[in-house]
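I have placed the structure first, in the form of structure tokens, so that the comments after it can refer back to it.
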Amino acid sequence: YTMEKQVLESSEERTFQYQDTLPSLPVPPLDESLSKYLDAVKPFLNEEEYQRTEDIVKKFENGIGKLLHQKLLERAKTRRNWLEDWWLNVSYLDLRISTQIHCNMAGPGPYIEHCWPAKEGTQIERACLNIWHILKFWELLRAEKLAVERAGDAVLDMSQLRMVFNTCKVPGITRDSISHSFKTETEGECPSHLIVLCRGRVFAFDTIHEGNMVTPPEIFRQLTYIKKRCHCEPDGPGLPALTSNERTKWAELREYLIGLDPKNLTLLEKIQKSIFVVCLDDSSPHATPEDYTEVTRMTLAGDPTLRWGDKSYNSIFFSNGVCSAFCDHSPFDAMALINVLHQAEKKIIEHEGKWKGSDKVRDIPWPEELVFTVDQKLINEIGRTKEFYYKKVSNLQMVSYAFTSFGKASIKTRKLHPDTFVQLSLQLAYYKCHGRPGSCYETAMTRRFYHGRTETIRSCTVEAVEWCKSMLNPSDSTYQRLQLMHKAFAKHNKMRKECENGKGFDRHLLGLLLIAQEQGLPVPELYVDKAYTASGGGGNFVLSTSLTGYTRFTGFTVPMVDHGYGFFYSIRDDRIIVNCSSWKSCPETDAEVLCRTVFQCFQDLLELSVTAQL
């Protein structure tokens with residue numbers, strides 16, 4: 001029996017067992033990438049401009065591009081992922097703007113739809129259950145007992161899951177870094193404490209006592225102790241607000257803080273190493289299954305003293321029992337966290353949102369407060385930072401609505417891909433609102449490859465624009481529109497597949513540019529050509545979009561450019577949840593109007609596809 005048991009145990013897949021055998025990230029052929037690029041810029045140029053761009057691309061392909069491509073292939077020979085460290089630096093760690101506002105991801109918890117409708121006085125009891133389920137996930141991850149994800153037969157890279165826990169960004173004067181303390185059981189010891197933020201103060205407590213995980217009643221005791229203390233004593237200095245500064249400023253203030261008292265460094269490291277951060281927020285955002293706007297807004301734009309902006313995962317619990325998540329985007333993409341939260345949500349539903357275990361509470365140490373040594377200069381800086389932060393976020397317009405007329409089920413009966421359905425509806429809506437095509441970035445995941453993260457699907461294709469024009473041209477027949485619709489769908493589905501298989505072109509073009517920079521060569525003409533920027537290159541996409549999966553979880557970030565939109569959506573059987581953001585300072589954009597127009601386009605597109613079957 002023991003033999004058999006051992007065989008069974010060893011035959012179970014371990015979470016990270018395929019990491020060493022995943023294929024390396026490929027470099028696509030240069031001619032293929034450039035012809036895809038030329039195709040992608042067409043909607044944004046007139047005949048003459050296109051001719052010029054075509055000449056530039058040909059010159060690049062036969063000249064400097066060839067050399068850069070060779071050098072990129074050499075780099076790829078010595079690395080399993082030629083893009084990884086470049087991407088981390090260029091997209092995240094080198095940024096000097098406030099990343100907490102411009103890069104972090106925020107998303108509402110959907111528990112109000114089942115176990116936990118908004119209700120005052122439930123904050124702590126829900127928090128302790130939610131935290132416990134996430135801790136159980138952390139425990140399973142450490143034991144490598146989580147199922148390996150697959151796309152069809154292909155095994156997916158699981159490394160991003162490690163980055164959700166015990167991870168924190170650390171500001172630097174010119175470039176940030178990532179502090180990562182997660183370890184599996186085989187790898188060794190892993191910090192096991194949580195940080196709790198409440199009323200400008202910072203607390204910590206360990207989640208393992210005498211070798212066993214704390215239970216919800218024990219977490220309840222810890223959080224109640226913190227909340228009671230914070231509610232009957234003066235507020236703390238609100239040091240976490242400093243993480244919302246521009247990066248160099250925060251790095252300087254952090255140096256100053258450490259210089260004041262070396263103990264401050266120990267406390268900062270304690271926050272960095274924690275499993276995650278729990279935020280007890282006194283506000284009570286309104287939330288319904290059809291409208292998550294207020295809770296989503298308060299997550300990204302709420303009290304900055306209650307968020308550690310650099311932490312991979314801030315779990316926020318509001319006074320009315322509504323919860324949400326707030327994350328630094330550098331070390332992982334949204335789907336990694338959604339995976340964690342979705343698993344935990346299944347357990348919460350299974351237990352009907354209650355704790356059914358023992359109420360026994362062991363005599364565990366009380367939480368300790370992390371008391372930083374601060375001076376008047378820092379107190380003033382915290383005040384100034386909060387002012388800067390509130391001014392910045394007051395410019396943000398965002399909505400989070402559910403479209404409830406239909407969802408994935410109806411779209412699939414029409415034999416259409418649900419994600420493409422939303423992307424084409426968005427193209428049509430943008431065209432209706434702005435009278436021109438909108439350059440669009442959609443995230444494709446490249447997790448079939450070692451440490452793969454993302455590639456760009458450029459949704460604004462020639463085919464999509466032709467279809468949009470047809471939809472807006474009253475003299476076009478339904479038959480014409482249908483033909484064009486099917487062409488646009490086919491094109492998008494083909495691009496998605498290519499991107500997921502490492503055959504996109506945006507990361508390739510970025511790689512060639514970075515090689516040129518590393519070699520101290522001038523920026524090739526291709527990158528300063530109008531076509532490059534107009535089509536979205538160099539971070540200029542007007543529509544920054546992502547499918548956040550097919551679960552109840554969703555999230556968003558702010559727009560990539562001042563005159564753009566953030567557009568993120570989850571597709572469920574009976575509904576589509578849309579999070580749309582824009583900047584109020586731009587008179588042309590309006591997140592509310594775009595979102596309502598997209599909902600209308602959902603109807604139009606479904607109606608069009610229904611006529612196909614008549």
Calculate the length of the line joining the C-alpha centroid of the stretch 433-469 to that of the stretch 258-275, in whole Å. 42 Å
Would you work out which of Leu594, Ser283, Ala118 lies farthest towards the positive end of the dipole of the chain, given +1 charges on the beta-carbon of Lys and Arg and -1 on that of Asp and Glu, about the Cα centre? Leu594
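Considering every pair of different Cα atoms, what Kirkwood radius, in Å, is found for the chain?
25.7 Å
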If you project the alpha carbons of the stretch 315-419 onto the principal axes, what extent comes out on each, in Å, largest first? 65, 49, 30
Tell me, what % of the accessible area of the chain is carbon and sulfur with a 1.4 angstrom probe? 53 percent
Over all Cα pairs of the stretch 394-446, the Kirkwood radius sets Rh, and Rg/Rh then becomes 1.03
Keeping all protein chains in place, calculate the accessible area per residue for the stretch 106-395 (probe 1.4 angstrom), answer in Å². 38 Å²
Here the tail fraction of P(r) beyond 23 Å, over all Cα-Cα pairs of the stretch 356-490, rounds in percent to 64 percent
Find which of Ser319, Leu547, Phe403 sits farthest along the positive direction of the dipole of the chain, computed with +1 on the beta-carbon of Lys and Arg, -1 on that of Asp and Glu, about the Cα centre. Phe403
Rolling a 1.4 angstrom probe over the protein heavy atoms, how many square angstrom per residue are accessible across the stretch 479-601? 38 Å²
Give me the distance in nm between label points sitting 7 Å out from Cα along the Cα-to-Cβ direction at Leu260 and Gln19, one decimal. 3.8 nm
Kirkwood Rh and Cα-based Rg: tell me the resulting Rg over Rh for the stretch 106-395, rounded to two decimals. 0.95
Inverse of mean 1/r across different Cα pairs in the stretch 52-134, Kirkwood, Å: 18.5 Å
Relative to the first principal axis of the alpha-carbon coordinates of the chain, what is the inclination of helix 418-434, with its axis defined by its Cα atoms, in degrees from 0 to 90 and to the nearest 10? 70 degrees
Could you quote the convex hull projected area for the stretch 201-357, Cα atoms only and averaged over all directions, in nm²? 11.4 nm²
Mind jotting down the distance between the C-alpha centroids of the stretch 312-380 and the stretch 528-584, whole Å? 27 Å
Find which of Leu337, Leu242, Thr420 sits farthest along the positive direction of the dipole of the chain, computed with +1 on the beta-carbon of Lys and Arg, -1 on that of Asp and Glu, about the Cα centre. Thr420
Surrounding net charge for Arg481, when Lys and Arg each add one and Asp and Glu each subtract one, Cβ distance under 12 Å: -2
Hey, what angle do you get for helix 506-518 against the long axis of the chain, alpha-carbon based, 0 to 90 degrees rounded to 10? 80 degrees
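The values are calculated or read from the model by the stated rules, or taken from the named source; none is laboratory data. A quick note: this is a predicted structure, and the numbers were derived from the prediction, not measured. Cβ: placed from backbone, ideal geometry, glycine included. Neighbour counts: every protein chain shown. Accessible surface areas use protein heavy atoms only, side chains included; no ligands, DNA or RNA. Shrake-Rupley method; radii C 1.70, N 1.55, O 1.52, S 1.80 Å.
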